[in-house]
Number of protein chains: 2
Amino acid sequence: MPSNDIRDVYRQLVLKLEERSRLGGVMGVMHWDQEVIMPKGAADARAKQMAALAGVLHEKSINPRVGNLIDKLTASGTDEFTDAEWCNIREAKREFDLETKIPKELVQEIAELGSRGHQVWAKAREENRFEDFAPILERFISLKTKWAEHAFPDLEPYDANLDIFERGMTMERLSPIFDYLKIELVPLVRSINNSDRKPDDSFLEGDFPIDKQEALGNSISRDMGFNFDKGRMDVSVHPFCGGGHPTDVRITTRYRTNNFIESLFAVIHETGHGLYEQGRMEDSLDLPVSEPLTMAVHESQSLFWERMIAQGKSFSIRYIDKFREVFPGFLKVASADKLFKAINVCRPSFIRVEADELTYPIHIILRYEIEKAMFDGTLMVKDIPEVWNSKMEKYLGIKPSTDTLGVLQDVHWSGGAFGYFPSYTLGAMYACQFYNKMITDLKDVPGRIEQGDFACIRKWLNEKIHQQGRLYSPDQLAKKVTGKALEPGVFINYLKTKYNAIYGLN
Amino acid sequence: MPSNDIRDVYRQLVLKLEERSRLGGVMGVMHWDQEVIMPKGAADARAKQMAALAGVLHEKSINPRVGNLIDKLTASGTDEFTDAEWCNIREAKREFDLETKIPKELVQEIAELGSRGHQVWAKAREENRFEDFAPILERFISLKTKWAEHAFPDLEPYDANLDIFERGMTMERLSPIFDYLKIELVPLVRSINNSDRKPDDSFLEGDFPIDKQEALGNSISRDMGFNFDKGRMDVSVHPFCGGGHPTDVRITTRYRTNNFIESLFAVIHETGHGLYEQGRMEDSLDLPVSEPLTMAVHESQSLFWERMIAQGKSFSIRYIDKFREVFPGFLKVASADKLFKAINVCRPSFIRVEADELTYPIHIILRYEIEKAMFDGTLMVKDIPEVWNSKMEKYLGIKPSTDTLGVLQDVHWSGGAFGYFPSYTLGAMYACQFYNKMITDLKDVPGRIEQGDFACIRKWLNEKIHQQGRLYSPDQLAKKVTGKALEPGVFINYLKTKYNAIYGLN
């Protein structure tokens, strides 16, 4: 095909991709609105509105004319296209294939089960009745296995589910990584539990007016570089980062008056996500090439700021005076060192979302092992609670007294999201690996943090990660940024060094 | 066609109409978000998102399968359908015809001119340069004339424009009505201006904290019956009533700290619109039959509460103690009677949106006469400012010193909305006629208002108007509710009686 013609085909595809991105942005705003703003009496109508919009997005995705454009472009073998352009074509193809390969009835059944599943799960969790949720879970495993056979016929069903959240990740790759983490972290947590040295964190409790917490969160988010001309900060039941566009990024937090650290760290975490969105390549904001790469890489950005920066000692040094100024009376007796130790207390607990840096990966590994076994047929749904509880006891030394505190705690399975959990810990490992490289690229990072000079950090993340969009696979990106693909050893070394010091081990 | 088959055709149409209504609701939320919530840096992206969604709505509207369903239904001549079902079919046909009759290029040119026109107008208004806006206006009249020839080939072009906002209304009907209003109101305003008696309204100025204004507005909106489980109240530059659904009705106001009446009356006005939306027939919320009838009837509901209720003496009696309680010190010296007179001061001014009850219709008539003359070719665009100013002087005795205070003040023409203005005064007349009937249907309305018993009033409006949806034409509705079609004499009598008393005329 002559060069002009193939470029015209590409331009037509771009128009379609932009339209899809814009309608996706509308969905983003509707979702944010639902969680933050919507009057509760509108729930039924909203569900129908979002279903109608999802229907439109699906229609646009399976438009045969788009398939035709993609076929022409992939067959062209032309040298006409830049890496970014090829990325758009590749991403368009991945989405088109995924959307068209699944029979419509299966898509509908999964959507319906997801909506019903959420209600059943919420009630079952409230009433501690796993047996009510079990049939939903069974049906979902069966549907998601079928789905996998259509979506990625060459992959194991669970690998196909993993691929949606972390493209390219497989059990073959992941299992040894998680086994390694488990072997290292389970004894470390046990040593900490047995240690006599327990940092005091009781002084984190107090009385913190919400308006002051909000102003503080806002100001630290701004310090990190969040652009409030292209974003907002609000309140929702569960903190999240959403919105409709890289120029309309909306983070949320929630407030408790007896503890400000929780809410502040949610702001920092979501700001990390938000900076990734706001930092996308400007000339392709409505195209796939600029989109955040995977769930794990997204999480690497939130955890970078939350764990590697805000849970570091330099951050406590930077902000302890500010905290004292905002909340007079609070922290009067504490030093920056005490604050640092208090916000890094390791304490095994039942609930994943409340877990600390060290026990969090163990919660994830437990879920990964269970999901894997559900899909390969070696674990029956009815047996999950028992397996859950015995793994909790084995790995963390605690046993949930109810399924509400155990297998029923997470929303993910109620919507059929299997293979999602590993992203959290993959993100933590990437964050650590990136940080490790950054401190060799930039001079005196701890000193800069103590000075509140976050601009260079944000700039480094922006150039190395945000601006790379979807040009590379996660492993390629890690290699490009750090010289090596994912390296769990970096993460383990970091955790050991940090927690051995805090707890005076070895 | 057998009965079962034609009912199946109807059911298919209902699915299409519901989908359209739901996507329209999404647009409503996006629009509200843009005005109330959106970060300013998102403006460009939002315009593109809304254009993409408008494109989808248009595609859905011109779907030939919908046209086919409508043809089958209108040709069926069956007795199968209820009035409500026929209404849905009729409304679907009106919309389908309107959307399909206009050539795509014309639709696009109008949309583009509207978006450019708004920018040009805003700048021209700021800089007082009518000559910059004139070419936009000229082009719009030409395009909207062409549009009218396609949309309603049997109507005069300006009548076609009127029909969009007030179906069935024509110049032949409207001109004598407006002439009558003019003959009655212009001398009345002149007498008031020449009267020695001037009610004192200086005490309305003061210092009113915004949080207290907000709580007051919220509480009065609630008194009127606005359901905050299915709605919200927020702040925007221009007050409006929007949202995504009858279960998600969002009103806005704006606050000035030196006057609380303005903001409160905006809340009352928008609550009137909101009650109409929240009061739609529950079994058809996503179908045209339940939709508010016309712009004028919508305005009749807001003006009913603002003018007929809140500007009445009973309302001042009801709330003066509450106002004193919320704003201690304020109104200490004023009585309910003084408050009533102060909020009914008549004072000719340049700006329509700030005009009082008596001069407002004159602003509208001036615009109507100019629009009519623009479309019949008797007024050239370049001559509009002069005509505007001389009419202002003739009708209201004041002459704007700039076009910013004159012809450039309103946004409507910048988007091509000709024929919209009359709705405001038609709405005021309907409101008055409805009120006049209501006080004969319900016993002791003034006494009920003094007691704060608004439930019976809301119920009356709900049964008589809200629940009627689009079953009737505006005239039919007026006749059904009051026994007569639109009767301007009722409006004039009301105004004369009220203002003669306040100003001690005759």
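The number of residues in region A:97-137 being within 30 Å of residue A:281 (Cα to Cα) and within 24 Å of the chain's Cα centre (by Cα) comes to 2.
Among the candidates B:65, B:22, single out the residue that is within 14 Å of chain A (Cβ to nearest Cβ) and surrounded by 17 or more Cβ atoms within 10 Å (Cβ to Cβ). Testing whether each residue is within 14 Å of chain A (Cβ to nearest Cβ) and surrounded by 17 or more Cβ atoms within 10 Å (Cβ to Cβ) leaves just B:22. In summary, helices (runs of 4 or more DSSP H) completely within region B:406-469 and bearing 2 or more residues that are in contact with a helix residue (DSSP H, G or I) (Cβ under 8 Å, 6 or more places away or on another chain) and of a type in the set (Ser, Thr, Tyr) occur at B:422-441. Scanning region B:36-51 for residues that are surrounded by fewer than 17 Cβ atoms within 10 Å (Cβ to Cβ) and among the small types (Gly, Ala, Ser) yields B:43, B:47, B:51.
Among the candidates B:206, B:168, single out the residue that is among the small types (Gly, Ala, Ser), in contact with a Gly (Cβ under 9 Å, 6 or more places away or on another chain) and either within 14 Å of chain A (Cβ to nearest Cβ) or surrounded by fewer than 17 Cβ atoms within 10 Å (Cβ to Cβ) (or both). Among B:206, B:168, only B:206 is among the small types (Gly, Ala, Ser), in contact with a Gly (Cβ under 9 Å, 6 or more places away or on another chain) and either within 14 Å of chain A (Cβ to nearest Cβ) or surrounded by fewer than 17 Cβ atoms within 10 Å (Cβ to Cβ) (or both).
Assess whether residue B:17 counts as being within 12 Å of another protein chain (Cβ to nearest Cβ) and more than 30 Å from residue A:229 (Cα to Cα). Answer is yes for this residue. Restricting attention to region B:25-35 and to residues that are facing another protein chain (nearest Cβ under 7 Å) and touching a residue at least 24 places away in the same chain (Cβ under 8 Å), the residue that is farthest from residue A:54 (Cα to Cα) turns out to be B:29. Considering A:158, A:180, the condition of being in a helix (DSSP H, G or I), of a type in the set (Ser, Thr, Tyr), in contact (Cβ under 8 Å) with a residue 60 or more places away in the chain and within 30 Å of residue A:341 (Cβ to Cβ) is satisfied by A:180 alone.
Taking the criterion of being more than 7 Å from chain A (Cβ to nearest Cβ) and not in a helix (DSSP H, G or I), no residue of region B:39-53 qualifies.
Scanning region A:240-277 for residues that are within 30 Å of residue A:18 (Cβ to Cβ), out of contact with any Pro (no Cβ under 9 Å at 6 or more places or on another chain), crowded, with 22+ Cβ neighbours inside 10 Å and more than 12 Å from chain B (Cβ to nearest Cβ) yields A:241, A:242, A:271, A:272, A:275. Residues in region A:68-85 that are free of Cβ contacts under 8 Å to residues at least 60 places away in the same chain, acidic (Asp, Glu) and either outside any helix (DSSP H, G or I) or within 14 Å of chain B (Cβ to nearest Cβ) (or both): A:79 alone.
Okay, residues lined up against (1) over 29 Å from residue B:11 (Cβ atoms); (2) within 14 Å of another protein chain (Cβ to nearest Cβ); (3) modelled with pLDDT of 95 or more:
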{"residue": "B:37", "(1), (2), (3)": "yes, yes, yes"}
{"residue": "B:55", "(1), (2), (3)": "no, yes, no"}
{"residue": "B:94", "(1), (2), (3)": "no, no, yes"}
{"residue": "B:142", "(1), (2), (3)": "yes, no, yes"}
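The single condition among (1) over 23 Å from the mean Cα position of the chain (by Cα); (2) closer than 21 Å to residue A:382 by Cβ; (3) basic (Lys, Arg) that residue A:144 does not satisfy is (1). Check whether at least one residue in region A:134-141 is more than 25 Å from residue A:355 (Cβ to Cβ) and surrounded by fewer than 16 Cβ atoms within 10 Å (Cβ to Cβ), and report yes or no. Scanning region A:134-141 turns up at least one residue that is more than 25 Å from residue A:355 (Cβ to Cβ) and surrounded by fewer than 16 Cβ atoms within 10 Å (Cβ to Cβ).
The values are calculated or read from the model by the stated rules, or taken from the named source; none is laboratory data. Keep in mind the model is a prediction, meaning the values are calculated, not measured. We place every Cβ from the backbone using ideal geometry, glycine too, and count neighbours over all the protein chains shown.
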